[in-house]
1. Among the residues of the stretch A:408-434, write down those that are outside the structural domain of A:Ser304 (by TED's automatic domain parsing) and small (Gly, Ala, Ser).
2. Taking A:Ala274, is it of a type outside the set (Val, Ile, Thr), outside the structural domain of A:Met169 (by TED's automatic domain parsing) and surrounded by 20 or more Cβ atoms within 10 Å (Cβ to Cβ)?
3. Just to be sure before I move on: is A:Ile103 of a type in the set (A, V, I, L, M, F, W, C) and part of a loop (DSSP other than H, G, I, E, B) in the structure I sent?
4. Can you tell me which residue among A:Lys156, A:Lys197, A:Lys162 is surrounded by 14 or more Cβ atoms within 10 Å (Cβ to Cβ), more than 33 Å from the chain's Cα centre (by Cα) and in the same structural domain as A:His66 (by TED's automatic domain parsing)?
5. List, please: which pairs have Cβ atoms under 6 Å, are six or more places apart or on different chains, and start with a residue in the stretch B:233-258 that is on the phi > 0 side of the Ramachandran plot and end with one that is in a strand (DSSP E or B)?
6. Looking at the stretch A:357-395 only, could you name the residues that are touching an Asp or Glu at 6+ places or on another chain (Cβ under 9 Å) and not in a helix (DSSP H, G or I)?
7. Answer yes or no as to whether B:Ala30 is touching a Ser or Thr at 6+ places or on another chain (Cβ under 7 Å) and touching a residue at least 12 places away in the same chain (Cβ under 8 Å).
8. crowded, with 24+ Cβ neighbours inside 10 Å and either facing chain A (nearest Cβ under 7 Å) or touching a helix residue (DSSP H, G or I) at 6+ places or on another chain (Cβ under 9 Å) (or both): does that describe B:Ser50?
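The values are calculated or read from the model by the stated rules, or taken from the named source; none is laboratory data. Computed from a predicted model, the values in this text were never measured in an experiment. Note that each Cβ is placed from the backbone with ideal geometry, even for glycine, and that neighbours are counted across all protein chains shown.
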Amino acid sequence: MTSSNSIDSVVIRFAGDSGDGMQLTGTQFSNTSAVMGNDIATFPDYPSEIRAPSGTIAGVSGFQVHIGATEIFTPGDEVDMLVAMNPAALKANLHAVKPSGYIVVNIDAFTEKNLEKAKYAVSPLEDGSLQNYRVIQAPITSQTIEALKEVAVDSKTKDRCKNFYALGMTYYFYSRSNDTTIKWIEQKFKNKPDIIKANIAALKAGECFAENTETVISTYTVPVAKIPTGDYRQIDGNTATAWGLIRAAEMAKLPLFLGSYPITPATDILHELAKHKEFGVKTFQAEDEIAGICSAIGAACAGSLAVTTSSGPGMALKTEAIGLAISYELPLVIVNVQRGGPSTGLPTKTEQSDLFQAIWGRNGEAPLVVIAASRPNDCFASAYEAARIALQHMIPVILLTDGYIANGAEPWKIPDVSTQFGPIQHRMIDLEKIDKATFHYMNRDEKTLARPWVVPGMPGLEFRMGGLEKDIKTGCVSTDPRNHELMCHLRQKKVDLVAENIPLQTLEGADSGDLLVVSWGGTYGSCYMAVKKLQAEGKKISHMHLKYLNPMPKNVETILKNFNKIIIPELNLGQLKTVINAKFGVKAKGYNKVQGLPFKISELVEVFNQELIKE
Amino acid sequence: MSEACYTRKDLCSDQEVKWCPGCGDYVILASLQQAIVNTGKKKEDIVCVSGIGCSSRLPYYMDTYGFHTIHGRAPSIASGVKLSNPNLSVWVITGDGDGLSIGGNHFIHAMRRNINMNVLLFNNQIYGLTKGQYSPTSEQGKVTKSSPYGSLDRTFRPGILALGSGCTFLAKALDSDPKGMTEVMTAADLHRGTSFIEVYQNCVIFNDKAHDHYANRATRADTTLMVEHGKPMIFGKEKNKGIRLNGLKLEVVELGDKYQESDLLVHDKHNEALAYMLVDASQPPHFPMVLGVLYQKELETYEFMMEEQLKTVKAKKGDGNFKELLYSGETWSVK
């Protein structure tokens, strides 16, 4: 007995062994939904061990998809349907499933051995522990092999097709068309007709099984979302960052140079940039993090748009070199895809605990610009913006993203590059336009205090520069006490003046009220959704999401002071809160979580509500 | 690069040179300037990149582009400069502490990558700028302020390290021999690939005469051997000593009745095994300190291959089109 219901949104999590192809299955489900007109957000959750022993909890790899008929900002709080390919996947993910949610289990994998590996004394399918959920038991492995018995592939390959069988089941449950996936399979395996046949057969067999199974009570349709018209594509944060940098270099008419060392979760930026040599991108995989940034500094000295990418531990190693870039007053983009810390911490889990490090983490008075991306598709604009500021102000810029938005994917309205993300003026001098007799590399622009960018190869302008303090006029080494003080103020002033070259801060909601939620970085989606929900209930709550963290837009103080209370939710122990309270003399409260997990919308709604109720 | 006509003076910056009186660094600076005069490269195309230490002040004194960087990192910054603009002539200026201790990792990777740049290592076997602690090239047992009972560290041999890391040009020189030093610097600058030059430099304050037993002008002819490609290995004030291969060992012999020139080894700078043996054997007074160009190998440079990859991809894919990139893969329209 089946019936079709329409729902606003649904969250599905695919979970299995690292080798079960769950990332691919989730990606297919989200691509199909995006093409069908839903808004989506996704989040992969994979173990830090490449291939932990199969069947164990450490080896479970998951991929969560949130699809909706309205705009979707997060990969979702609670899971409506969990697809568990083995007992370990069930055990590792059960906590995320909402009460009376669906659980699809591959019963073929519930063998004694696998139960033991997942540390189940008794099968959870038999002991009543799942009675609050709606469990759909499917013989996914055996049915896949049965469906492929006519196909000329070996038994190992047949077994590998079981993820498409599971995908097929979910397609039926949520009324998805299989067109996009079939097209993808045909393209991906175009020279392997038997593999195409096998995967499509498995996909269709899964759909058939779901249709025929008596256990399914309802199927669900997620109607098309009302989203702005235009051309869309899916993008994850790291790819968007890479593309933003390519665009900035193209628009600044400069070669792009990346000096980097592999580190989770930032490495995909290196991978993506290494692919695009047709844009003249030079990528240099250095021997360590320090060499990564130092090679980038060298490239900036020589006239490239220079970039280095890393995560927390790597950022720590780059610290001294960042100070050098500040001292040299060079344009340099430093991307930190944040992960859980301290030390090696939680490499594959998200956190936003490197804000202090970004703003202050260097020896001496060493100010620089810090900006943060808010969601996967915002990484594009943020990377372009980081490069723009660096080039126009001759200053290093740290771009903070995090594991959550770097690996998360969502649809992106493809920008019209004929009108957006246009030319970037920079400070490299034009030899034709200067008077060599009066020119000096320390002569600053009045508005920005940026020095001109002189690079080796320019005749008659040879100069020497070091990390030693420089005379404010001549650039020569100087230990003069007053000069040092002037230079410290100058470097700070340069950062402050960036505030004249960034947009004013905007707000979601009224510009005064009972509670202001202040957020930054990857928590944007959950904060935005929670505030919207409370606004719809008539609460006097507004949301300020900061992209520019150092310096902040000029109107931030005014905004803060128009609210009775301020709350700052962060995935750290209160770093932005500390900065804001110190800077503006306000008494913002923090709401903090450091579990390596993003905020749930529901938890924020509750926290904000409590704050609104409190006297 | 067209040739420039400079005198050594044209390459002196307006900065007062501030090394200790009598420091070997003065000779190295002058020799470097002379080598650049010899190769005729234009000063706007020359970049000197240094780390931290006495040696690393050198870029301030050169009227070329110069970057005094951070401790140990000069090879990395220089790599970025050269990869960004392969037309530049890049010199890395480093010392035994800067290059082999804190910057050891960058040193070995620079050697293996073979980016066309020159690494000039001032080896004074001591930390000078921090006022006298033992360095990676100090002899074991050395008494310094940080090793009052003698250092326990064994000694690094820079030449062996460079060869083991895959360097394509190895030369050694003495600060007491500006002519010989200028020659190897000139040869290094003309070599395509990473050139490593180790200069034995005297620190008059903290390690005076550390190299004296072979670098002393009065006795040097008998304690050093300047090798030349294709020429027999002869040395000595009277040109009466030579090197011969005895089994798998190098041996010093007197020329005369027993051994003639024809018995001696002829230097082959392309022979890597010989280069190892020459560096290893250099232990005055038992064996002369071998100087000159010990090893050279023709190998494609990193930056050339990097540029070739870009060209190949562009030839295949065409120049990058950003709009096409945005629309690559799956896209859909919302109407």
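1. The answer is A:Ser418, A:Gly422.
2. Details: of a type outside the set (Val, Ile, Thr): yes; outside the structural domain of A:Met169 (by TED's automatic domain parsing): yes; surrounded by 20 or more Cβ atoms within 10 Å (Cβ to Cβ): no.
Here the answer is no, as A:Ala274 does not meet what is asked.
3. Considered against the rule, which asks whether it is of a type in the set (A, V, I, L, M, F, W, C) and part of a loop (DSSP other than H, G, I, E, B), A:Ile103 comes out as no.
4. On the way: A:Lys156 fails: surrounded by 14 or more Cβ atoms within 10 Å (Cβ to Cβ); A:Lys162 fails: more than 33 Å from the chain's Cα centre (by Cα).
A:Lys197 is the lone residue from the list that is surrounded by 14 or more Cβ atoms within 10 Å (Cβ to Cβ), more than 33 Å from the chain's Cα centre (by Cα) and in the same structural domain as A:His66 (by TED's automatic domain parsing).
5. Pairs found: none.
6. A:Gly361, A:Arg362, A:Asn363, A:Pro367, A:Ile371, A:Ala372, A:Ala373, A:Arg375, A:Pro376, A:Asn377, A:Met394, A:Ile395
7. Details: touching a Ser or Thr at 6+ places or on another chain (Cβ under 7 Å): no; touching a residue at least 12 places away in the same chain (Cβ under 8 Å): yes.
No; evaluated as a whole, the condition is false for this residue.
8. In short, yes.
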